[in-house]
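Heads up: the structure comes next, in structure tokens.
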Amino acid sequence: MALIGAAALPVCVVLASGTFSADTGKAVQTAVVQKRLLRPSVIASGQITHEEEIRLTSEVLGTIDAIHVREGQAVGRGELVLAIDNETYAADVVQGRAAVRLQEIDIGRARATIERLARQDERNARLFERGVLDAQSLEAMRHDLELARIDLQSSQERLEQARARLGQAEDRLGKTRVRAPIDGVVTALDVEVGETAIPSSTNIPGSHLMTIADPGRIIAEVYVDEADVAAVRVGQPAEVVAVAHPGQPMTGRIAFIANTATTRQPRRSLSFVTKIRLASVGGIRLRPGMSCRAEILTQDGNEELAVPIEAIVADGTDVGTPRNAVFLVRGGTVQRSPVVTGQSDDAYQHILSGLAEGDRVVRGPGRTLRSLRDGDAVRLDSRDADTEPEPPAGHRAR
């Protein structure tokens, strides 16, 4: 009899504690109320790209003579990367220089003529004073001097025009030699030797020559939904995960938020381009165009009492304001308890009042939770991994 009593004692203790019903009641999953650090966040998706990336285009029309780089090659600022056939442009320069020299010759001739006519005018003035030369002849010769001065001005203007045309020809000739605008790496090479380079801003073949980017400045360019953009600020921290490296998160901060929304297909939803400058990639090999997902932390978190979000149930409204509640586990039954909620993240909800640390609340299953009523008997679901003991008797929610 003593052995039987001893064996039965633990069972009696468990039942006496009243935590759960032995085999009766609704099977529930529970969670213990405890302090957690929650940091509200915004989720956005996009792609990895270079912060500084330049697409080189041709400013002159011509056949590509030579390409001096290959895709993936590092280049320095000012380095020659591509050459366009310059025979026609070189001939224009030669012609322009000849035109300049001709105008300079004309100016020299006009100045010599003016000097000759000026000396003659001095002699004519003396002859006129002596009465040897009549007034009409003196006036005609002075008119010739004035015309010569006008011709000089005209030649000087033509010289300026010739120099301007020469400058344009030299500029076009210089543009047949394409040089790297920055230190970086050739990330895309869009043309081949023999193709025609076309001066255009459109995406027609030959308009884009190559792309050069700074590989040391990688950013994540993501699209923040219009419903979330009000919470996003420049400087906020973010965690970025590339789809190709799902287990290797990268840290960064918001560097730019677009002022104007863009429409994303296929849902045609409005979103704002947001650039995240990555602080460290941790040795991850990133390639432009990789898809990524970003979690932007919109507030500094505080450690406060929290429960799983799924444990919160609606409890009507109070003067138009929704109220929330939870189901506390008490003596094998549940007690509906109103709570005041604070901020939340993807998994947990802060509780400002209505619960105490160590309280146990029902968190599921969802169908069971929706059908619970105050005072219902419950038992622990066999799938519930949360088996922490209920707080001692007398411990009640605030």
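The values are calculated or read from the model by the stated rules, or taken from the named source; none is laboratory data. Everything quoted here is computed from the prediction, not taken from an experiment. A quick note on method: Cβ atoms are made from the backbone with ideal geometry, for glycine too, and the neighbour counts reach across all protein chains shown. Side chains are part of the model used for accessible areas, which takes the heavy atoms of the whole protein and leaves out ligands, DNA and RNA. Shrake-Rupley method; radii C 1.70, N 1.55, O 1.52, S 1.80 Å.
Numbers below:
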{"read-out": "Residues being more than 47 Å from the chain's Cα centre (by Cα) and either at pLDDT 85 or above or closer than 25 Å to E304 by Cα (or both) - total across the range 372-396", "value": "16"}
{"read-out": "Residue in the range 54-74 that is under 30 Å from L369 (Cα atoms) and among the β-branched types (V, I, T) present", "value": "no"}
{"read-out": "Filter result (hydroxyl-bearing (S, T, Y) and at pLDDT below 85) within the range 264-291", "value": "S269, S280"}
{"read-out": "Matching residues in the range 232-288 - criterion: being of a type in the set (A, V, I, L, M), assigned to a loop (DSSP other than H, G, I, E, B) and open to solvent by 70 Å² or more (accessible area, probe 1.4 Å)", "value": "V234, V243"}
{"read-out": "Among (1) modelled with pLDDT of 90 or more; (2) under 14 Å from V42 (Cα atoms); (3) open to solvent by 80 Å² or more (accessible area, probe 1.4 Å), the one test that A294 misses", "value": "(3)"}
{"read-out": "Count - residues of the range 1-58 that are farther than 28 Å from Y348 by Cα and modelled with pLDDT under 50", "value": "17"}
{"read-out": "For L138: the one exception among (1) under 60 Å from the mean Cα position of the chain (by Cα); (2) in a helix (DSSP H, G or I); (3) without any contact (Cβ under 8 Å) to a residue 24 or more places away in the chain; (4) farther than 30 Å from E87 by Cβ", "value": "(1)"}
{"read-out": "Qualifying positions in the range 159-199 - surrounded by 16 or more Cβ atoms within 10 Å (Cβ to Cβ), among the hydrophobic types (A, V, I, L, M, F, W, C) and assigned to a loop (DSSP other than H, G, I, E, B)", "value": "A180, V191, I198"}
{"read-out": "Condition check for A98: over 30 Å from T211 (Cβ atoms) and under 57 Å from the mean Cα position of the chain (by Cα)", "value": "yes"}
{"read-out": "Test: residue in the range 122-131 that is of a type outside the set (K, R), open to solvent by less than 100 Å² (accessible area, probe 1.4 Å) and outside any helix (DSSP H, G or I)", "value": "yes"}
{"read-out": "Count - residues of the range 140-170 that are closer than 26 Å to D121 by Cβ and among the acidic types (D, E)", "value": "4"}
{"read-out": "Search result, residues across the range 216-226 that are modelled with pLDDT of 85 or more and not in a strand (DSSP E or B)", "value": "E226"}
{"read-out": "Pairs where the first residue, in the range 80-102, is over 15 Å from R172 (Cβ atoms) and touching a residue at least 12 places away in the same chain (Cβ under 8 Å) and the second is part of a helix (DSSP H, G or I) and open to solvent by 30 Å² or more (accessible area, probe 1.4 Å), C-beta under 6 Å, 6+ apart", "value": "V100/R163"}
{"read-out": "Residue satisfying condition, being open to solvent by less than 60 Å² (accessible area, probe 1.4 Å) and among the aliphatic types (A, V, I, L, M), within set I114, I105", "value": "I114"}
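Okay, residues lined up against (1) open to solvent by 20 Å² or more (accessible area, probe 1.4 Å); (2) over 24 Å from R287 (Cβ atoms):
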position	(1), (2)
A31	no, yes
L37	yes, yes
E53	yes, no
L61	yes, yes
V69	no, no
G72	yes, no
